């Protein structure tokens with residue numbers, strides 16, 4: 001299974017994608033194609049419509065069962081964290097907002113709420 005989310009798809013590309021995919025919403029294509037057809041489709045899109053952004057979610061033999069790929073200008077980016085695929089929104093390549101790990105930080109420890117005295121416990125009654 002493969003899902004393609006495209007940005008501003010030209011009519012020629014959209015028509016070509018409709019050969020193999022169902023379009024449940026505008027610019028969202030869902031279908032089941034073999035690996036070679038998928039590669040040829042991606043190659044055709046990249047060659048003929050370089051300015052469109054693609055988010056491609058396809059079947060893959062990992063623990064989640066899929067992988068995420070992006071090409072072109074998109075506002076979402078597929079990333080792999082600890083073997084799991086996630087989609088990051090509003091991705092920024094800047095390191096200006098990353099915390100400095102050399103700065104000391106304080107941790108707030110929450111103390112447990114004191115328990116009510118147990119009437120059956122002789123030790124808690126004598127205190």
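The values are calculated or read from the model by the stated rules, or taken from the named source; none is laboratory data. Treat the numbers as computed from the prediction; the structure is a model and nothing was measured. Heads up, the Cβs are rebuilt from the backbone with ideal geometry, glycines too, and the neighbour counts pull from every protein chain shown.
Which residue is modelled with the lowest pLDDT, if the candidates are limited to the range 67-97 and must be in contact with a strand residue (DSSP E or B) (Cβ under 9 Å, 6 or more places away or on another chain), within 25 Å of residue 38 (Cβ to Cβ) and in a loop (DSSP other than H, G, I, E, B)? Ranking the candidates gives 91 first. Of all residues in the range 25-42, those that are closer than 16 Å to residue 14 by Cα have Cβ atoms under 7 Å from Cβ atoms of residues that are exposed (fewer than 12 other Cβ atoms within 10 Å of the Cβ) and at pLDDT 90 or above, 6 or more apart or on another chain, in 30/22; 30/24; 31/22. Please indicate, with yes or no, whether at least one residue in the range 51-58 is touching a strand residue (DSSP E or B) at 6+ places or on another chain (Cβ under 9 Å) and more than 17 Å from residue 77 (Cα to Cα). No. Residues that are free of Cβ contacts under 8 Å to residues at least 40 places away in the same chain and surrounded by 12 or more Cβ atoms within 10 Å (Cβ to Cβ) are absent from the range 1-11 altogether. Against the numbered list (1) loosely packed, with under 15 Cβ neighbours inside 10 Å; (2) not in a loop (DSSP other than H, G, I, E, B), residue 19 comes up short only at (2).
Per the conditions (1) surrounded by 12 or more Cβ atoms within 10 Å (Cβ to Cβ); (2) touching a residue at least 12 places away in the same chain (Cβ under 8 Å), the sole criterion not satisfied by residue 50 is (1).
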